[in-house]
Structures are given as C-alpha cells and as structure tokens.
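Quick notes on the structure that follows.
The values are calculated or read from the model by the stated rules, or taken from the named source; none is laboratory data. Here the structure is a predicted model, which means the values were calculated and not measured. FYI the Cβ positions are ideal-geometry reconstructions off the backbone, even for glycines, and counts take in every protein chain you see. Surface accessibility is based on the protein's heavy atoms, side chains included, excluding ligands, DNA and RNA. Shrake-Rupley method; radii C 1.70, N 1.55, O 1.52, S 1.80 Å.
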Amino acid sequence: MRKIFIKILSMLLLSYGITSYGQIDTLSQINDSINITVLQDYNQKLAGVEKQRIADSIRKAELESQLMKLKTTDNLQKEDLLKQLKTIEENKKNRLADKKTRIDSLRNTAKGYPVLGVMKDTLFFIYSKIGASTPKERAINISRKIEKLYEDDFLKTDSISVINSENTYDIVYGEIIIISISENDAIWYGKSMPELADNFKEIIKKSIIEAKSENNWLKILARIGLVLLVIAIAWFIIWLMSKSYSKLLLTINSKKDTWLKDLSYKDYTFMTADQEMQVLLFLIKIFRWFVYAILLYITLPIIFSIFPFSRDWANALFHLIWSPFKGVLVAIWEYLPNLFSILVIYFVMKYVIRFVRYIFQEIEAEKLKISGFHSDWAMPTYSIVKFLLYAFVFVLIFPYLPGSNSNIFKGVSVFIGVLFSLGSSSAIANMVAGLVITYMRPFKIGDRIKIGEVTGDVVEKTLLVTRVRTIKNEVITIPNSSVLTGSTTNYSIEAKEKGLIIHTTLTIGYDVPWKDMHHALIDAALRTDSILDEPKPFVLQTSLDDFYVSYQINAYTREASKQAFIYSNLHQNIQDVCNERGIEILSPHYRAARDGNMTTIPSDYLPKDYKAPNFNLKIEKDKDAL
C-alpha cells in the first residue's frame, strides 16, 4: 500500500509538472477565450477613433508650428489658429470621453490577456491593441521579454526606465522596449499614461528581483528537503494506518462470534453472520481508501505550496475537486423550486387516483350501478384511467425535469420512443386486443372455454395474454391477438341458467328398433351424475347410413368444468344399459354370422343357460333334377 501511494504521488507530481507548462503556454488563451469576440469588436470600434486621434495630433502640430512662425502683429490670424487649437482640444476631450464610455461597458465582461512573470504569476492584463499587434500577441511578447531580462546574468533592474514617445510611454531596458503604454491602456486602468507606465515598471522590476531571490540553490535545496519531509510524514501515517488496519481485522475475526449474530425475523433470516462479516469488511475497506484519498488530497497541496512555480497547482487541485461538488450543490439548490412543483403535482394526482379507484371499486362491488356499464368492466377501466392520469402527470412534470429543454434530452426521448414503437409492435397489438376482449366480455376468470385446439378453464386474463388450464393441469398461455382473431367457445356462460347440452353419437344397426334405442340412451343419460332431470334428455337421429343408424343423445348439465368426467360416465352408462337390454353395439361395417357364433353382449348380461346357436346348413334338392 505504501509503494502504491508513493507511486501515485510521484505520478501526480510529474503530471502536474508537465501539464503546468502546457497551461502556461495556453494561459492567455484560456483566461479570456469567451471574450475574444468582445475584445475584437471593441478594438474594431476604437480603430476609427484612433485614426481621428492621429489626424488631430498631426493637425495640432501643424497649427502650433504656424502659430510660432506668425508675427505678433498678426492678431486676427493668431485668433483663428487659437480657435482651431481649441476645437482640436475639445475634440480630444470628446474622443477620450467616448473611449472611456466604450471601455466602461466592457469592464464587467472582458478579462483581457495576462502578462506572466518568471514565476508564472500574473503581473497585469492587456486589453487593447497597438498597431497590428492584438492584445493576446502583446501579452505573449511582453512575457517573453520579461523572461529574457531574467535570464540576463548582468541585469541591472535600476536601468529599467520609462521614456515618453510620440503617442506612447515606453518601458525600456537598453535597446529593448519591454512594453508600450498607449492611451487606451491608461483608460482601461483609469490612470494617466505616465502613472500607468511607472506602475508597470515597478511591477516588472519586483517580479524579476523576487524570481532571482527565490531561485537560488540554498532555497531550492531547502524546499527539496521540505518535500521529502512531507512525503516521509505521509508515508509514516500510511504505515500506522496499515498496522491499525491489520490489528482491526484480527480483532474482528477473533470477536465475530460474539459481535455478529444472524439478523432474522421469525422464520426469515435477512442476513447471516457471515454476510454481516462481509459487509463490515467492505465498509472498513471503503473507509480505509477514503482516508487514503483525504491524506493524498492534503499532502499534494502542501508539497505544491513549497515551490513558487507550483503554488498555483494547489489552487488548481482544490478547484478540481471542489468545483464539481460546488456545481452539484448549486444545481440542487437552484432545482429546489422545480422539485417542490413536482411534489405538489404528484401528491395532488395521487389522491385523485385514489378517489377514482374508490369509485370503480364501488362499481365492481355493484354498490354503484351505471346503466350499460358491467361490473366486470370496473377494474380494467380503472387501469386505463390510471394510465391516462399518469401520462397526464408526466406531461405536467416534464417541463420541470432537469435538462428537459436540452436537445440531447429531446433526442434521447425520441430515440427511446422509436425503439419502443419498433420493438413493441406485437406487444401493443396484444394490449389493444386485451382491451377489446375486456369490453367484448367473451369469457371471465373460471369459465370453461375453447380457443382453437385448446380447451380448459380461464385462470388469468391480462392486457397481453390469456392463460388457460386444461383438464391435464397444463397451463397454456395464449396471446390476446390470437384470441381476438380466432373463435372462442364458452361452455360456462349459459350453463348456470339454461344448462350446457352435452352430446355423444352412437351407431346401431338397423335390426334394433329405434324406439328401444331412444329409451336406452335416455335412461343411460339419467343415470349419469351431474345430468339434469329437467330439461329432459333427448335423442336425435342424425343420419341413416348404409349399415347403421346414428343416434345422438343430448343431455343438460350445469357443471361445464366437469365435462370430461360426465362424458366418461355417460359412455359407461350407455354400455351398461345397452348390454342389459340385449342391444349389441356393433362397430361400423360389422358383419355377423349368427349361426354357430357367440353374441357380442358380455356374458355377465346373458342368461345362465345361454348357449351359442348351432351352425345350421340347409340343403334344398331340386325335384326336377331327381
């Protein structure tokens, strides 16, 4: 852990050292990148004013020269020249006032370009251009000249002076013009040109002197020693924490049986002792890394503050960490009014939905009756109304959501909507079919139905699917779109009131009288459980085929869900009654040679003295042949 910390620390130091020079080179761009357009617009507007200033200066010089050449007796011409000079002075005042007004309008927005000292600290800012040089170019050139002066081992700072040029005040050292102070520069700082030049001169001299004093070998060695001391202290703290962490783990392992018990309520165990142990170790590990992060965050600014060139790194590191947290806190504070609006909308609609649910529950319980509105429509209709209310709530809340007006949020919303519409076409079809089925009322939960080849009891009906349990206890899921497009047979809907007619067909040969067959089938039906006596069973002769007659027994029952057992019992009773009455149930196309053959009736139903008839052969002789 100590090695990891030292590696991280060294990497951060190296990265900050590398990035700082990149930041220095681009500092003039970053510092006022937002206001480049503003300054450019300002400089364009002042270009015309500057041309007028130059023209007035030339004209003033010409008039003063003419005035000096005039004789004392030329009073009229003198007065004319003096008037022209006065006009030029008034124009100068108006021009300066106009410049000041323009510059004042930019003070709160324009930040200018920084001039950097040798220690990479900001000395002052440049806002205006001179000639073809932009403020950015001026700031970079001035910074380079100051660094060049610092590198001069024979530099005499007292030799840095201010010289009054024609239209500017120049700060020079020997033949090097460090900076030229223009009228616009003076207006930006609210000073006269000589005052601003002297001020800048002292700032430049002080910066060079401090840099030379800060960068001597004794101080550098002392600062390196302080860095090593801070790293050693940090390493020692990490060592202590590692030892404490190991002892804490040993203590927890030795005391876990005493400290940790299963967290349970009645028969349910929320967390076992082993799970609690894992959670505790995880929390301790998180806390450990949190302390390491705090230590690293404290150590780095201390190290950066030791060297002058890296002192700004500490502030950069602090802002790097604090700015996101500050941004989050400010965003939350600014979002609170919208959050309160969302909460008010939510709670109002919550109680509206509760009231709507109460109304539909009353309809379902048939306490509240609406003409033409069935009680089993209540809860499905409530679900639809609730969905519409929630959609209305979302429409109300949407403008208050953070980022709802951004193009990214809108684009993501459209993208999700397209995906949902393309990927859920079948689901939507099933939902629509589910709504239609709900209001068609072809069946309800518990009904015995037949959908296609599936027969069973309805156990679940949702917007998407219908589930049916067959007599073999197979639960079959049918999409509602298939239910809607196919035919549905409901055996239960009329069974309770009018009764369900169950029927089966029997084929008997022509040798059995049809009246006997009718009585036999009706008696068999009446013997069957769950068959109603009233209405009475009846028989239909459905066809007269080549070898047999088709008899269909029809009987009423109210137990639609027991059809399989009723049919089974009915078939058993038909066999018993037919056998009791000597009626043979022959298969289709059955051919019987009666002489010498047993009957098809089981022996239990035959008389005890029954014997199969002998095989008789009768031969008739032709008398004529004799």
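At an R0 of 45 angstrom, the distance between the Cβ atoms of LYS206 and ILE237 translates into a FRET efficiency of 0.70.
Would you kindly state how much longer the chain becomes between VAL348 and PHE565 on full extension, computed as 0.36 nm times their sequence separation minus their alpha carbon distance, in nm to one decimal? Intermediate values should be presented prior to the final figure.
Values: separation 217, 0.36 × 217 = 78.12 nm, distance 5.56 nm.
Here the answer is 72.6 nm.
For the stretch 394-532, with all protein chains in place and a probe radius of 1.4 Å, 62% of the accessible heavy-atom surface sits on carbon or sulfur. Judged by the mean number of other Cβ atoms found within 10 Å, the most tightly packed of the peptides 232-244, 436-448, 360-372 leads the ranking 436-448, 232-244, 360-372. If you average 1/r over all unlike Cα pairs in the stretch 320-387 and invert the result, what Kirkwood radius do you get in angstrom? Evaluated on the stretch 320-387, it is 15.2 Å.
Considering the stretch 116-264 at the alpha-carbon level, its Rg and Dmax are found to be 28.5, 92 Å.
Is there a pair in LYS100/LYS129; LYS498/LYS536; LYS350/LYS386; LYS461/LYS498 whose C-alpha atoms are over 21 Å apart, and which pairs would that be? Working shown, then result.
On the way: LYS100/LYS129 16 Å; LYS498/LYS536 12 Å; LYS350/LYS386 10 Å; LYS461/LYS498 26 Å.
Beyond 21 Å: LYS461/LYS498.
In the full protein context, the stretch 176-335 carries 66 Å² of accessible surface per residue, based on a 1.4 Å probe and ignoring ligands, DNA and RNA.
Show me the ranking of peptides 511-523, 177-189 by mean Cβ neighbours inside 10 Å, starting with the highest. List each step's numbers first, then the result.
Values: 511-523: 16.5, 177-189: 21.5.
In descending order of packing, they fall as 177-189, 511-523.
Modelled this way, with points 7 Å down the Cα-to-C-beta line, the labels at SER244 and GLU147 are 4.5 nm from one another.
Once you reduce the stretch 497-558 and the stretch 451-466 to the center of their Cα atoms, the two points are 31 Å from each other.
The HN-Hα couplings worked out from phi for the stretch 124-138 by the Karplus form 6.51 cos²θ - 1.76 cosθ + 1.60 (θ = phi - 60°) are 6, 10, 10, 10, 10, 9, 9, x, 8, 8, 7, x, 5, 5, 4 Hz, whole numbers, x standing for Gly and Pro.
I'd like to compare 373-379, 116-122: which one has the highest average count of other Cβ atoms within 10 Å, and what's the full order after that? Let's see the in-between values first.
Values: 373-379: 15.3, 116-122: 18.7.
For the peptides 373-379, 116-122, the packing ranking is 116-122, 373-379.
Greater than 22 Å separation of Cα atoms is the criterion. Which listed pairs, LYS450/LYS562; LYS326/LYS410; LYS120/LYS205, meet it? Listed pairs above 22 Å: LYS326/LYS410.
Compactness check for the stretch 137-178: Cα Rg over 2.2 N^0.38 Å is 1.19. Counting only protein heavy atoms and a probe of 1.4 Å, the accessible surface of the stretch 192-258 is 69% carbon and sulfur. What the phi angles of the stretch 492-504 give under the Karplus curve with 6.51, -1.76 and 1.60, with θ = phi - 60°, is a coupling list of 9, 5, 10, 5, 5, 9, 9, x, 8, 8, 9, 8, 8 Hz, glycine and proline written as x.
When the charge dipole of the stretch 463-520 is built from unit charges on Cβ atoms (+1 for Lys and Arg, -1 for Asp and Glu) and taken about the Cα centre, the candidate among PRO513, PRO479, ALA495 whose Cα reaches farthest toward its positive end is PRO479. Length available on full extension from ALA316 to ALA293: 0.36 nm per residue minus the Cα-Cα distance, which gives 6.6 nm.
Across the stretch 396-405, coupling constants 3J(HN,Hα) worked out from phi with the 6.51/-1.76/1.60 Karplus curve, θ = phi - 60°, read 5, 7, 3, x, 8, 6, x, x, 5, 8 Hz, and Gly and Pro carry x. Rolling a 1.4 Å probe across the protein heavy atoms gives the stretch 429-579 an accessible surface of 55 Å² per residue.
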